[in-house]
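Asks: Got a structure for you, written out below as structure tokens; questions coming shortly.
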Amino acid sequence: MIDRAAIADKPTLFGSRVALVPLGPEHAEDSFAATKEPEGRRLTGTHREFTLDVIQRWCETRAEQTDRIDLAVIDRATGGFVGELALNEIDFDNLSAGYRIALTEGATGRGMGTEATRLVLAYAFERIGLHRVQLEVYDFNPRAIACYRKCGFEIEGTLRDALLWDGQWHDAHVMAAVAPTARRLRDGG
């Protein structure tokens, strides 16, 4: 059974490199700047242009959501915003959710995404009571695929030609982690 309070009461989670804090109005300008980074837009397949007003409203309303968790990723060494993530599309009947993460260009390749993902999975499985967390990742992002595999995700299928980017079609892989696999990886087994 899902602990709805664990979703409504947004957590703060700490790792050695990152802190995950509830996404709020104080993150709007950094979030908006991140939407302008070309590589981040490509890796997330984001065609839409956002305005600062839209991002501000988004950040202002995250705390009141009872069916998802949106967190800012903070670099513990600097205290700076380095991205955001979400557990979304929570299916209360089937104990599952979607996951997405987007780091700023300067934050990639430093283990922050792996740590943030492990923290969120532990919270999802151990505190919320989810059984399954899934995501989609584009075929041109092998670094993210490797990160997700380290965290217990496995490729379950491929959505062929799911993204048209710069005139070329790209596949999206559907990956999922389930509670027993994630626990085994966490415990070193």
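The values are calculated or read from the model by the stated rules, or taken from the named source; none is laboratory data. Remember, predicted model here, so these are calculated numbers, not experimental data. Quick reminder, even Gly has a Cβ in these numbers, built from the backbone with ideal geometry, and neighbours come from all protein chains shown. Each accessible area value is taken on the protein alone, full model and side chains, heavy atoms only, with ligands, DNA and RNA left out. Shrake-Rupley method; radii C 1.70, N 1.55, O 1.52, S 1.80 Å.
Asks: Suppose we filter segment 145-162 for residues that are surrounded by 16 or more Cβ atoms within 10 Å (Cβ to Cβ) and without any contact (Cβ under 8 Å) to a residue 24 or more places away in the chain; how many remain?
Replies: Here the count works out to 0.
Asks: Being open to solvent by 40 Å² or more (accessible area, probe 1.4 Å) and touching a helix residue (DSSP H, G or I) at 6+ places or on another chain (Cβ under 6 Å) narrows it down to one of 100, 110, 127, 132, so name that one.
Replies: Result: 127 is the single residue among 100, 110, 127, 132 that is open to solvent by 40 Å² or more (accessible area, probe 1.4 Å) and touching a helix residue (DSSP H, G or I) at 6+ places or on another chain (Cβ under 6 Å).
Asks: Looking at 116, 177 in this structure, which one is under 25 Å from residue 17 (Cα atoms), open to solvent by less than 80 Å² (accessible area, probe 1.4 Å) and touching a helix residue (DSSP H, G or I) at 6+ places or on another chain (Cβ under 9 Å)?
Replies: After ruling out the rest, the residue left standing is 177.
Asks: Count, please, the residues in segment 9-41 that happen to be in contact (Cβ under 8 Å) with a residue 12 or more places away in the chain, more than 16 Å from residue 58 (Cβ to Cβ), open to solvent by 40 Å² or more (accessible area, probe 1.4 Å) and not in a strand (DSSP E or B).
Replies: Number of matching residues: 4.
Asks: Please enumerate the residues belonging to segment 42-60 that are part of a helix (DSSP H, G or I) and closer than 26 Å to residue 143 by Cβ.
Replies: Across segment 42-60, the qualifying residues are 42, 43, 44, 55.
Asks: Just a yes or no: is a residue in segment 108-117 more than 25 Å from residue 47 (Cβ to Cβ), modelled with pLDDT under 95 and among the basic types (Lys, Arg)?
Replies: So far as segment 108-117 goes, yes, one or more of its residues are more than 25 Å from residue 47 (Cβ to Cβ), modelled with pLDDT under 95 and among the basic types (Lys, Arg).
Asks: Could I ask something else about it? Checking residue 63 against (1) in contact with a Phe, Trp or Tyr (Cβ under 8 Å, 6 or more places away or on another chain); (2) within 23 Å of residue 128 (Cβ to Cβ); (3) not acidic (Asp, Glu), only one condition comes out false. Which one?
Replies: (1)
Asks: What number of residues within segment 103-135 satisfy the criterion of being touching a residue at least 60 places away in the same chain (Cβ under 8 Å), closer than 20 Å to residue 82 by Cα, over 12 Å from the mean Cα position of the chain (by Cα) and not in a helix (DSSP H, G or I)?
Replies: The total comes to 3.
Asks: Kindly evaluate residue 72 against the criterion of being in contact with a His (Cβ under 8 Å, 6 or more places away or on another chain) and not polar (S, T, N, Q).
Replies: Yes, satisfied.
Asks: Could you please find all residues in segment 78-122 being closer than 19 Å to residue 136 by Cα and acidic (Asp, Glu)?
Replies: The answer is 84, 89, 91, 115.
Asks: Kindly establish whether residue 144 is in a helix (DSSP H, G or I), under 15 Å from the mean Cα position of the chain (by Cα) and over 20 Å from residue 14 (Cα atoms).
Replies: Yes; evaluated as a whole, the condition is true for this residue.
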